[in-house]
Amino acid sequence: MKTAIIYYSKHGTTERVAHLIGEKLSPEPEYISLKEFYNPDIQDYDRIILGTSIYAGHPGKLMSKFCNMNRTQLEQKVIALFICGMNDNQEVEQLKNAFPEYLHSNALAEAILGGEFLFNKMNFIEKFVTRKITKVTCSVSNLRYDAITVFLEKLNNKGSDI
Ligand SMILES: Cc1cc2nc3c(=O)[nH]c(=O)nc-3n(C[C@H](O)[C@H](O)[C@H](O)COP(=O)(O)O)c2cc1C
């Protein structure tokens, strides 16, 4: 099964998670950053894994645009969805809003995979907002390795609910 992981990542965390997932898939998928290719050709892929980080409650605009522009093709693929973020309280809502309904209803697996605050990658405003809202003052990683494992089990068709 030919797979692509298509992701939006601002500071590199979603990209890192994409690789943590992809390294455990066989054959290893192709990785496509929407920052590099805003509307990649997906014709050759059977399975598409979509991942985006969340900022101010919203997914990357490039991800939303990609999902809207490619609906007809995406409806014919095996789909899996994940988000990266640091707001545990809103995470279910954020996952729901990150992708259009037609993808949720087709998805084989969906996951909330945690996130990171990387102060060395943030601009001045991002640092200010993060400090003010979360009181976090230095880099922190809250990746959910257990959730990544469960997500992979579903992708590899070993999950008990498949
Ligand atoms: C300014 C700012 C706003 C953020 N807003 C949210 C948010 O609304 N919800 C959330 O879950 N995480 C939020 N985050 C956390 C990011 O989603 C997290 O840092 C994520 O790992 C970034 O992934 P990326 O490097 O792939 O873009 C925010 C981070 C920053 C710096």
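Qualifying trypsin sites (Lys or Arg not before Pro) in segment 65-125, where qualification requires a DSSP coil assignment and no more than 15 other C-beta atoms within 10 Å, comprise Lys121. List residues of segment 66-86, by number, whose backbone nitrogen lies under 11 Å from a label position 7 Å along Cα→C-beta of Val136. Counting backbone N atoms under 11 Å from the label point, the list is 85-86. Rounded to the nearest 10 degrees, the angle from helix 13-22 to the longest Cα principal axis of the chain is 30 degrees. Taking 0.36 nm per residue of separation and subtracting the current Cα-Cα distance, fully stretching the chain between His104 and Gln73 would add 9.7 nm. Per residue, the chain reaches -10000 deg cm²/dmol at 222 nm when only DSSP H runs of four or more residues are counted, each adding -39500 (n - 2.57). The charge dipole of the chain, taken about its Cα centre with unit charges on the Cβ atoms of Lys, Arg (+1), Asp and Glu (-1) only, comes to about 580 debye. Evaluated over the chain, the count of Lys pairs having alpha-carbon atoms less than 18 Å apart is 20 (only pairs 8 or more residues apart or interchain). Here the average projected area of the convex hull drawn through the C-alpha atoms of segment 17-162 stands at 9.2 nm².
Bear in mind that the values in this text are calculations on the coordinates, not laboratory data. Note that the structure is a prediction, hence the values are computed from the model and not measured. Glycine gets a Cβ as well: all are built from the backbone with ideal geometry, and neighbour counts include every protein chain shown.
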